[in-house]
Structure formats: C-alpha cells, structure tokens
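Working notes, beginning with the structure itself.
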There are 2 protein chains.
Amino acid sequence: MKILGIEHIGIAVKDIANDAPFWRHILNISHRSTEVVADQGVTTDIYDTGQGKVELLEATGPDTPIGKYLEKRGPGVHHVCFEVDNITEAIKELKESNIQVLSDKPTVGAEGFKVVFIHPKSTGGVLVELAEKP
Amino acid sequence: MKILGIEHIGIAVKDIANDAPFWRHILNISHRSTEVVADQGVTTDIYDTGQGKVELLEATGPDTPIGKYLEKRGPGVHHVCFEVDNITEAIKELKESNIQVLSDKPTVGAEGFKVVFIHPKSTGGVLVELAEKP
C-alpha cells in the first residue's frame, strides 16, 4: 500500500454555521463544498488548504455516528484520512496484518472517494480513514 | 495570513515503541526523526507522507501537557498543525479577531519550526497549531 498524503482531517462540530467562520474567514482556507452524506447521517463542509483538507462534520440527528461521538466525546477531531493509491489492495494488506478494518469492501464517501475505516484499537487511538480518489 | 497546508497531525500515544509500528510498517509512512522537546516534556516521533506529517507524542512524565491529556482523554489526536507563511503576522491577525492565542510570541517547536497554539474554544473544539518553517 502506498500512502499519498493526508487527504483530510474530519472534525465533529455541533453546528457548522457557528464553527465554519473560524476556518473560512479567520484561517482563510478556501471553501470547497458542502454535502450531505445521507447514509452516514452527516453534513460535510469541506475546506481545502491545497495540501490537505478540513472536513467539518455535523450530525443530521443524534442517532448517527457523529451524533453519538459528540454525545460521548464532545466536538473535536473525529478521524484522519490518508489518500492511498489502491484501496482494495490496502484492505487486503491490512487484513493480512490483522489490522481491524471496519468493512471488507470500500464504501463511497464525500466527494465520491472510495473509503474504508480502521478501528482506533489498531492505530493507537485514532480513527483512520483510507481513501482512493474517484 | 496564508495557510500553506496541513503541516502535521499530533497524536498523543501512551507508548511510541508500541504504537509506532502501525504508522511505520503497516501504513509504511517514511520515518523522519525522533526528538525530545524538553521544555514541552514530550518525545516526538515523526513520519512524513510527503503531504503532511504524523507526529506521535509520548509524555516524558505525567505532569506534562501530553501526560495530562492522556490522563483526561486517553490516546488520540491531540492537535492539528497548519503551516503559515508568516507566524508573527498570523498572531497579530488572530488577536485582532479576538481568537484565543496561547502565547503572544512564537516559541520554537519540533524541527525548529516557529509555532503558536490556538485554544480549542476559538476553533470549535480542536487544538490548532500554526507553524512557520525555520
């Protein structure tokens, strides 16, 4: 597997409208898109530094992965996403190394990337996403 | 202020020896350096994807910023660092916008970068570091 770089940092926020101005107007990072990923129950608001994106994640309801995370941990970094050259190959390698991958096949995430998540137990405490460009 | 990219993600770990193999051998990210930053009470173990680094942070003792973080929150993403073109200018702009900056002047962090931290209260829950290349 070849890691090509940090694709984005996913940040769980209570309210995009309230938190976005820091990223957009204070840090002045260019806004890229806002997208609802319905099957994940999340609204993603994406900013692109040109070298790694910031993805603000707002839950569409309390009974969603981000809703539960906010309830348990409060707002903060939810996951870190690395771009890979070939996600199918990456999943195969990870499973061979007994790394706990959350699905056997990639799913489609924001911006059409093919993605998979690695359990924090296998990484030292961080929810890691791997993503292959569409 | 101009954000040039995600410089690194700082990850608080209990034990570098135990957690480093995932980043170094499983994800296969190139190891760059290991450095003790004495005045922060931290050992940093740095991996470079070529587009953003991963910085594993192990406390040198319990009464250090990372030691206290681990006690309170457990292992996970401790901070996100963005590279800026001019840190002195960035601090001035942030203070003018009433953003809570943790020091008035930059300090010297790992790899000789001039750095400053922004309080999570001002960012929506994330400890943000800004860094200017030495």
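The values are calculated or read from the model by the stated rules, or taken from the named source; none is laboratory data. The model shown is predicted, which means the values in this text are computed figures rather than measured ones. All Cβ positions, even for glycine, are placed from backbone atoms using ideal geometry, and neighbour counts span all protein chains on display. With ligands, DNA and RNA removed, areas are computed over all heavy atoms of the protein, side chains included. Shrake-Rupley method; radii C 1.70, N 1.55, O 1.52, S 1.80 Å.
For A:T123, the shell of other residues with beta-carbons less than 13 Å away shows a net charge of +1, using +1 for Lys and Arg and -1 for Asp and Glu. In segment B:10-40, comparing the full protein assembly with the chain on its own, the residues that lose 50 Å² or more of accessible surface at a 1.4 Å probe are B:F22, B:W23, B:I26, B:L27. The magnitude of the dipole of the protein assembly as shown, with charges of +1 and -1 set on the Cβ of Lys/Arg and Asp/Glu and taken from the Cα centre, is near 320 debye. Helical content of chain A, expressed as a calculated mean residue ellipticity at 222 nm, amounts to -5000 deg cm²/dmol (DSSP H runs of 4 or more residues, -39,500 (n - 2.57) each, divided by residue number, nearest 500). Remark on segment A:66-99: accessible area falls by at least 50 square angstrom from chain-alone to full-complex state for A:R73, A:V77, A:F82, probe 1.4 angstrom. In this entry, chain B is assigned a mean projected area of 7.9 nm², taken as a quarter of its C-alpha convex hull surface. Solvent exposure of the protein assembly as shown, expressed per residue, is 46 Å² of accessible area, with all protein chains present and a 1.4 angstrom probe.
Using θ = phi - 60° in the Karplus curve 6.51 cos²θ - 1.76 cosθ + 1.60, the 3J(HN,Hα) couplings for segment B:60-67 round to 7, x, x, 9, 10, x, 6, x Hz; x is entered for Gly and Pro. Chain A and chain B together bury an accessible surface of about 3100 square angstrom, both sides counted, with a 1.4 Å probe and no ligands or nucleic acids included. The heavy atoms of B:Y69 offer some 40 square angstrom of accessible surface to a 1.4 angstrom probe.
With the gyration tensor restricted to C-alpha atoms of the protein assembly as shown, the semi-axes of the equivalent ellipsoid amount to 26, 23, 17 Å, longest first. The share of accessible area on chain B that comes from carbon and sulfur is 48 percent, using a 1.4 angstrom probe. Here the simple spin-label model places points 7 Å from the Cα toward Cβ, and for A:S103 and B:L102 these points are separated by 3.6 nm.
Inter-copy label distances at A:K72, using a point 7 Å along Cα-to-Cβ, come to 2.0 nm with the shortest given first. DSSP beta bridges confined to the protein assembly as shown are antiparallel in about 75 percent of cases.
Taking all protein chains together and a 1.4 Å probe, the residues B:D15, A:D19 rank B:D15, A:D19 from largest to smallest accessible area. Cross-link partners of A:K114 among lysines, defined as those whose alpha carbon lies under 24 angstrom from its own and excluding same-chain residues fewer than eight positions apart: A:K2, A:K53, A:K68, A:K92, A:K95, A:K105, A:K133, B:K53.
DSSP finds beta bridges in segment A:3-132, and of those with both partners inside it, around 75 percent are antiparallel.
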